Structure formats: C-alpha cells, structure tokens
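Notes to accompany the following structure.
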Amino acid sequence: MKKKSSSSSQAQYEEESSSLALVQIDPSEPINAPIVSSYNDRIRPLLDAVDKLRSLMLHKLPKHMSSVAEAMTAFMRIIGFVKESLRKILLRGEFDEYPNNKRMHCTARLVEMLNQYNDELHNCTESDHMRDFLMDEIRNLEEAKEISLPNFLPRGSFLTILQGKVNGISSIPLGFVDKLWDYVGEVLITVFMYHVEDYYQLQLSAKRAGHNLIAKMKERSLNWMMEVVDMEKLTDYTCNPDFLTEWNKLMLQKDGFIHSILHDEKRPFKVNLDGFGEIEVEHLRKYPHLLHQAFDLKMRMIAYWKIVLRRLVDSMALHLQHSVFNLVNKDLEIEIVTELMTPHGGGIERLMEESPSVATKRSKLTGSLKKLQECKGVLANIMDTVAYGD
C-alpha cells in the first residue's frame with residue numbers, strides 16, 4: 001500500500017515538473033518582456049490621446065488677456081461676430097448658424113408678422129363696410145348742412161368719418177410696433193449671449209445694452225407710427241390711380257341701388273350690391289334727400305380706405321428694414337461701448353478678469369497636462385530600463 005502511494009506521488013511530481021517546464025525561461029535566451037511591451041503599445045497611445053484631448057480643451061478656453069490691447073482686440077472681435085450674425089439673420093435671411101431654431105429664422109418670421117398685421121387691419125371693425133351701411137355717412141351729412149348750393153359733397157364730412165376710422169384702428173399699428181421690437185430684442189439678446197458666453201464680464205453689460213437699445217428703437221418707432229397715424233387723420237390725399245378706378249367702379253351701382261330703395265314697387269327688405277352682398281335697406285327709405293350724397297361718400301371712403309391700409313403696411317415694412325439696418329450697422333456698437341464704459345460697466349479692463357469657473361477649469365486642465373507629461377516621462381524611463389538595463 002505504501003509502495004503504491006510513493007509511486008503515485010512520484011508521478012504527480014513529474015507531471016508538475018513537466019508543467020513548470022512550459023513557463024520557465026532559459027537563462028541563455030535574451031529577455032523579451034511581452035507584458036511591458038503590451039503596456040507600451042496600449043497605454044502610451046492612450047496617454048497621448050488624453051494629452052491631446054486635454055490640450056484641445058485648454059485651447060478652447062477663452063484666452064486669458066494680460067493687457068488692455070488684448071482686451072480691446074477681443075472686444076472688437078466679439079462685436080464684429082455679433083454684427084455679422086445679426087446681418088445674416090435679420091437682413092440677409094441666412095440661418096446657417098441656427099438651422100433648427102425657427103425662431104431665429106428672422107426674415108421669415110418678420111414677413112409672417114407683417115402679414116398678420118395686414119390681416120388684422122383688414123379684418124377689424126373699421127374695415128367692415130357692411131356695418132350700419134350708409135348710416136354713418138347720413139348722420140355726418142345731416143350735421144354738415146349749411147347755406148350753400150345743393151348736392152355739393154362737404155369735404156368736412158369725409159374727413160370726420162376718416163378721422164373716426166383711423167382712430168378706431170390706431171391701436172393696431174402701435175401694438176404691432178411693440179410686438180415687433182420685442183421679437184427683435186429676443187433675437188438680439190440670443191445672439192449677444194452666444195458670442196459672450198465665455199466672457200462672463202461682458203454678459204451683464206451686453207444684456208443691459210441690448211435691452212437699452214431695443215427700448216430706444218421701440219420708442220423711436222412708436223413716435224414715428226403715431227406721426228403716421230396723425231398724418232392719415234389730417235388730410236385725404238393719394239396719387240394712386242387705383243383710388244379713382246375703384247371709386248368709379250363702385251359708383252356704377254348707385255342708380256340701381258337707389259332705385260331699388262326709393263322707386264321699386266315691391267319695396268324689397270334687402271338689396272343685393274356687388275362686392276357687398278345683400279344689404280338691409282328699410283331704414284334708408286327715411287332719408288331720400290341724402291341717399292345720393294351718402295352713397296357717393298361711402299364709395300369714396302371704401303376706395304380711399306384701401307389706400308390708407310396699404311400705406312400703413314408698406315410704410316411699416318420700409319421703416320422696419322431701415323430701423324434694423326441702422327440697429328446692426330450704427331446703433332449696436334455705440335450702445336455696447338457706451339454701456340461698457342459707464343461706471344457700472346467696469347470699462348474694457350473688465351475683460352482682463354477671468355471668471356472663477358474658467359480659472360478653475362484652466363487650472364485643472366493645466367495640472368492634468370502636467371501630470372500626463374510626468375506619466376509619459378516615467379513610462380519612457382521604464383522602457384529604457386527594460387530595453388538597455390540599469
């Protein structure tokens with residue numbers, strides 16, 4: 001039994017020795033270190049990649065400015081970027097900087113706003129020519145009576161009606177101006193904040209300058225629009241030949257319309273008028289002596305009202321383009337410089353201050369790069385030691 005056990009132990013020992021022989025290194029062979037080689041092949045490229053990434057992140061940080069000249073150069077560069085971005089999105093209709101943000105596709109949005117403004121003017125109560133048909137004209141003609149030759153259309157009646165209608169719509173253009181500059185201000189602040197994102201010192205001044213500039217532009221436009229509205233109330237004039245063309249076309253229906261009211265034996269309750277539809281006329285039979293003048297006055301106002309509304313829309317579009325052009329090319333730079341140079345703006349020297357977050361990030365990246373360089377140096381020393389010995 002003991003003999004068998006001894007024989008078994010001997011066999012196990014020989015098997016283990018045979019296995020060890022597979023991993024033992026022949027002292028006469030040169031040392032090749034596959035583990036170290038693998039370390040060099042894999043870790044060194046990884047360290048290089050991290051090094052490059054850290055360097056790239058460091059270079060992406062805003063440059064730390066150490067002189068007023070550097071700060072001024074950076075400031076002018078920012079202003080240049082802001083102006084060019086605004087030219088692209090507000091004037092030229094290019095939106096490659098904000099391809100997925102339709103709110104920043106400004107020329108398209110401004111056209112939409114103008115179309116809505118035009119629709120609001122044409123759909124308001126004052127543009128409803130069917131409302132109290134001829135009654136406003138009759139009331140004004142009755143109050144304009146004077147000792148004079150008959151059948152003369154008093155200009156004062158036309159102006160009185162015109163002034164009432166213009167007063168009735170005056171809130172629409174003024175409201176549009178307010179809405180318009182709120183939108184332009186939103187775009188301006190968005191562009192400003194994008195370009196001063198890395199300069200915390202400029203962010204507050206830029207935002208304040210943007211709000212101040214939009215407030216000035218809005219006030220300027222409101223004053224201009226109030227003048228336009230006042231001018232429309234002051235006189236009735238147009239050189240547009242469409243006025244006479246439209247008025248003559250409308251007047252062709254006068255005789256048939258008045259005949260249906262005064263002389264038709266059937267005394268219809270409603271009379272059809274081309275371009276208007278069916279009109280209730282029973283109440284008009286009380287004023288036979290004023291119907292001719294009232295109809296003429298109404299048709300003149302309808303033809304002229306189209307001119308007034310067109311002027312309000314066209315002049316607003318031209319004023320908008322002119323104002324935005326001046327904002328981008330003249331007023332913007334003046335406003336931001338003025339804001340920066342005020343006592344609370346801090347002056348151009350503020351650009352030389354680095355925000356705590358950027359300073360911390362810069363310090364961490366610099367330290368990380370230093371550590372990486374040290375690691376690569378240690379790795380190089382290890383490889384030299386392995387390759388050539390001590």
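List every residue pair whose Cβ atoms lie under 9 Å apart, where the two residues are 6 or more positions apart in sequence or sit on different chains, the first residue falls within region 103-132 and is without any contact (Cβ under 8 Å) to a residue 12 or more places away in the chain and closer than 30 Å to V281 by Cβ, and the second residue, located anywhere, is assigned to a helix (DSSP H, G or I) and of a type in the set (V, I, T).
R131/T125
Scanning for something surrounded by 15 or more Cβ atoms within 10 Å (Cβ to Cβ) and within 24 Å of D119 (Cβ to Cβ), does region 246-262 turn up at least one residue?
yes
Give D274, D314 a once-over and let me know the one that is within 26 Å of V228 (Cβ to Cβ) and without any contact (Cβ under 8 Å) to a residue 24 or more places away in the chain.
On the way: D274 fails: within 26 Å of V228 (Cβ to Cβ).
The conditions single out D314.
So which residues in region 66-88 are buried (at least 17 other Cβ atoms within 10 Å of the Cβ), within 16 Å of the chain's Cα centre (by Cα) and not basic (K, R)?
V82, S85, L86
Mind listing whichever residues of region 227-243 are assigned to a helix (DSSP H, G or I), without any contact (Cβ under 8 Å) to a residue 60 or more places away in the chain and farther than 20 Å from P154 by Cβ? Lay out the reasoning, then the answer.
Residues of region 227-243 assigned to a helix (DSSP H, G or I): 227-234, 242-243.
Checking the rest, the ones that are also without any contact (Cβ under 8 Å) to a residue 60 or more places away in the chain come to 227, 230-231, 234.
Answer for region 227-243, where residues must be assigned to a helix (DSSP H, G or I), without any contact (Cβ under 8 Å) to a residue 60 or more places away in the chain and farther than 20 Å from P154 by Cβ: E227, D230, M231.
Which condition number in (1) under 37 Å from the mean Cα position of the chain (by Cα); (2) among the aromatic types (F, W, Y); (3) surrounded by 15 or more Cβ atoms within 10 Å (Cβ to Cβ) is the one that Y194 fails?
(3)
Of the numbered conditions (1) among the hydrophobic types (A, V, I, L, M, F, W, C); (2) assigned to a helix (DSSP H, G or I); (3) touching a Gly at 6+ places or on another chain (Cβ under 9 Å), M130 satisfies every one except a single condition; which is it?
With (1) among the hydrophobic types (A, V, I, L, M, F, W, C); (2) assigned to a helix (DSSP H, G or I); (3) touching a Gly at 6+ places or on another chain (Cβ under 9 Å) applied to M130, the lone miss is (2).
Only one of L213, L141, L159 is farther than 30 Å from Q321 by Cα, in a helix (DSSP H, G or I) and at pLDDT 95 or above; which?
Details: L213 fails: farther than 30 Å from Q321 by Cα; L141 fails: at pLDDT 95 or above.
Residue meeting the stated conditions: L159.
With the condition kept exactly as written, say whether any residue in region 190-208 is in contact (Cβ under 8 Å) with a residue 24 or more places away in the chain, under 20 Å from K306 (Cα atoms) and among the polar types (S, T, N, Q). It would help to see each step written out before you state the result.
Step one: filter region 190-208 for residues in contact (Cβ under 8 Å) with a residue 24 or more places away in the chain, giving 190-192, 194-196, 198-202, 205-206, 208.
Narrowing further to those that are under 20 Å from K306 (Cα atoms): none.
No, because not a single residue in region 190-208 is in contact (Cβ under 8 Å) with a residue 24 or more places away in the chain, under 20 Å from K306 (Cα atoms) and among the polar types (S, T, N, Q).
Considering only residues that are exposed (fewer than 15 other Cβ atoms within 10 Å of the Cβ) and aliphatic (A, V, I, L, M), look in region 114-138 and name the one that is modelled with the lowest pLDDT.
Selected residue: M130.
Looking at E186, is it within 30 Å of L91 (Cα to Cα), assigned to a loop (DSSP other than H, G, I, E, B) and out of contact with any strand residue (DSSP E or B) (no Cβ under 8 Å at 6 or more places or on another chain)? Spell out the reasoning first.
Numbers: within 30 Å of L91 (Cα to Cα): yes; assigned to a loop (DSSP other than H, G, I, E, B): no; out of contact with any strand residue (DSSP E or B) (no Cβ under 8 Å at 6 or more places or on another chain): yes.
Considered against the rule, which asks whether it is within 30 Å of L91 (Cα to Cα), assigned to a loop (DSSP other than H, G, I, E, B) and out of contact with any strand residue (DSSP E or B) (no Cβ under 8 Å at 6 or more places or on another chain), E186 comes out as no.
I'd like the residue in region 222-245 that is β-branched (V, I, T) and within 19 Å of L318 (Cβ to Cβ) and, out of all such residues, is surrounded by the most Cβ atoms within 10 Å (Cβ to Cβ).
We begin by selecting, within region 222-245, every residue β-branched (V, I, T); these are 228-229, 235, 238, 245.
Next, from what is left, pick out any that are within 19 Å of L318 (Cβ to Cβ): 228-229, 238.
Details: V228: 17, V229: 19, T238: 15.
Among residues in region 222-245 that are β-branched (V, I, T) and within 19 Å of L318 (Cβ to Cβ), the one surrounded by the most Cβ atoms within 10 Å (Cβ to Cβ) is V229.
Take L291 and decide whether it is more than 19 Å from the chain's Cα centre (by Cα) and farther than 30 Å from G80 by Cβ. Don't jump to the end; show me each part of the working.
Numbers: more than 19 Å from the chain's Cα centre (by Cα): yes; farther than 30 Å from G80 by Cβ: yes.
It is true that L291 is more than 19 Å from the chain's Cα centre (by Cα) and farther than 30 Å from G80 by Cβ.
The values are calculated or read from the model by the stated rules, or taken from the named source; none is laboratory data. These numbers come from a predicted model, not from an experiment. Counting neighbours? That spans all protein chains shown, and the Cβs are built from the backbone with ideal geometry, glycine included.
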